[in-house]
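Structure first, commentary second.
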Amino acid sequence: MKVAFKMKLKPGFRDEYKKRHDEIWPELSTLLRASGVSDYTIFLDEETDNLFAVQQNSGLGSQALGDNELVKKWWNYMADIMETNPDNSPKSIALKTVFHLD
């Protein structure tokens with residue numbers, strides 16, 4: 001199943017967000033893949049600092065990893081540069097598919 005969601009960067013952190021993802025922790029990549037996440041892409045709307053993510057899930061997917069200690073560590077690492085919930089998880093809004101072309 002393909003899922004899409006949006007998140008929000010704090011102003012002035014575009015380069016830092018990209019840098020942190022360019023250096024994503026190998027153990028986090030391994031965890032995502034083991035959870036069935038593949039073809040995961042995050043786009044940035046530079047006019048609004050909105051992030052738009054799309055991922056293919058063949059298992060639980062990243063949205064089901066909120067209790068994982070490694071994921072919580074990543075959330076804490078990212079909390080200073082993006083809008084978050086009280087537990088430091090990114091504020092994330094699921095997006096509805098309205099068109100698809102194979």
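The values are calculated or read from the model by the stated rules, or taken from the named source; none is laboratory data. Just so it is clear, the structure is predicted and the values come from calculations on it, not from any experiment. Neighbour counts are summed over all protein chains in view; Cβ atoms, including those assigned to glycine, are modelled from backbone coordinates with ideal geometry.
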Practice prompt. For residues that are of a type outside the set (G, A, S) and not in a helix (DSSP H, G or I), scanning just region 57-79, find the one that is surrounded by the fewest Cβ atoms within 10 Å (Cβ to Cβ).
Written response: D67
Worksheet entry | Flag for N88 being in contact with a helix residue (DSSP H, G or I) (Cβ under 6 Å, 6 or more places away or on another chain) and at pLDDT 95 or above | yes
Item to complete: Taking only region 1-40 into account, find how many residues are of a type in the set (K, R) and farther than 13 Å from M78 by Cα.
Response: 3
Fill in: Subset of region 77-102 [under 13 Å from the mean Cα position of the chain (by Cα) and without any contact (Cβ under 8 Å) to a residue 24 or more places away in the chain]
A79, T84, N88, S89
Worksheet item: Mind checking which pairs have a first residue in region 1-15 that is free of Cβ contacts under 8 Å to residues at least 24 places away in the same chain and a second that is in a loop (DSSP other than H, G, I, E, B), Cβ under 9 Å, 6 or more apart or different chains?
Response: G12/D49; G12/I81
Discussion item. Quick check on my filter: what residues within region 80-102 are assigned to a loop (DSSP other than H, G, I, E, B) and under 12 Å from M7 (Cβ atoms)?
Written reply: I81, E83, N85, S89, K91, S92
Worksheet item: Do we have any residue at all in region 47-56 that's in contact (Cβ under 8 Å) with a residue 12 or more places away in the chain, in contact with a Leu (Cβ under 6 Å, 6 or more places away or on another chain) and outside any strand (DSSP E or B)?
Response: yes
Worksheet item: Which number in (1) in a strand (DSSP E or B); (2) charged (D, E, K, R); (3) more than 13 Å from the chain's Cα centre (by Cα) marks the one condition that K8 misses?
Response: (3)
Discussion item. Going by what's in this entry, would L32 be described as under 11 Å from the mean Cα position of the chain (by Cα) and hydrophobic (A, V, I, L, M, F, W, C)?
Written reply: yes
